[in-house]
């Protein structure tokens, strides 16, 4: 909150004498921000289209939405059979996007870890060869709220890079009632900092837990237990060993997948002279 109060937003015309900004601290209230894949989804879409000016690039999609009653300046209130069909359509759309996430959004990067597809290298426009890949666009934004301007180009190092893991070293899916460990070496190629984050299977969201912690980061290295060689053991899942509580990503019994984030990533990550360690179950 202290950092946010250093940020100010105002029209450029007020630069000489900007008006006072209002800051709202919502903590600790939990806000429901996840999409609901039912008629709520379409109602929110209808409200957005009604409020936002139409853009030429969306003309085809807007025409398609008009066929199901979503049109600027008109009420959207499906009833009876139409409502049931639209509910089913939303559920099927969510299933298709989840399938894209699990099977096409990511590609093998190193043993045990997946990376983003090459569209990240070119700025996530989803345009190429005269085509718009709207399946890829929908599939990616199903699990990610936004995308960096560019990722993955080793010749033009991006501001951030990401690796993902769904299975441990034994090729088993991660379970929230078990404990896992991944070792981050002292030479992890992140100029600024790295982090390990757990996301809940099914919602792809942070996992609420009593510790109010969604990940472990080298940004807080002063608080972490560090090995003699400078490496850091990150524990994910059930209760960690004594002395490693600050190195622990709690999952509250929820099944999960992992993201390794690199801020200020360095070339060894991309040319793979540095390899991310496997995640191992601790028994």
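In table form, for the structure just shown:
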item	result
Sorted by Cβ neighbour density within 10 Å, fewest at the top, the residues 177, 168	177, 168
Residue 48-residue 274 pseudo-label distance in nm [points 7 Å out on the Cα-to-Cβ vector]	3.6
Where a label projected 7 Å from the Cα of residue 187 along Cα→Cβ would reach, residues of region 215-233 with amide N under 16 Å	229-232
Max mean-square fluctuation residue, GNM over the chain, Cα-Cα springs under 10 Å, options 16, 66, 83	16
Listed candidates (1) 15.8; (2) 20.0; (3) 17.6 - label of the one calculated as mean projected area of the Cα convex hull in nm²	(2)
Ranked packing of 253-259, 215-221, most packed first, by mean Cβ within 10 Å	253-259, 215-221
With Cα atoms, 0 to 90° folded angle of helix 134-143 axis to the chain main axis	50
Sum of -39500 (n - 2.57) over DSSP H runs of 4+, divided by residues of the chain (222 nm, nearest 500)	-6500 deg cm²/dmol
Cα-based helix-to-principal-axis angle, 80-103 vs the chain, degrees rounded to 10	30
Span from the region 179-222 Cα centroid across to the region 124-148 one, whole angstrom	26
Extension reserve of the residue 85-residue 267 stretch, reckoned as 0.36 nm per residue once the Cα distance is removed	60.5 nm
Fewest-first sequence of 57, 74 by Cβ atoms within 10 Å of each Cβ	57, 74
Contact order normalised by residue count of region 106-282, Cα under 8 Å, 6+ apart, percent	31
Packing-based exposure ordering (other Cβ within 10 Å, fewest first) of 22, 117	22, 117
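Readers should treat all values here as calculations from the given coordinates under stated rules, not as data from a laboratory. No experiment lies behind these values; they were computed from the predicted model shown. Counting neighbours? That spans all protein chains shown, and the Cβs are built from the backbone with ideal geometry, glycine included.
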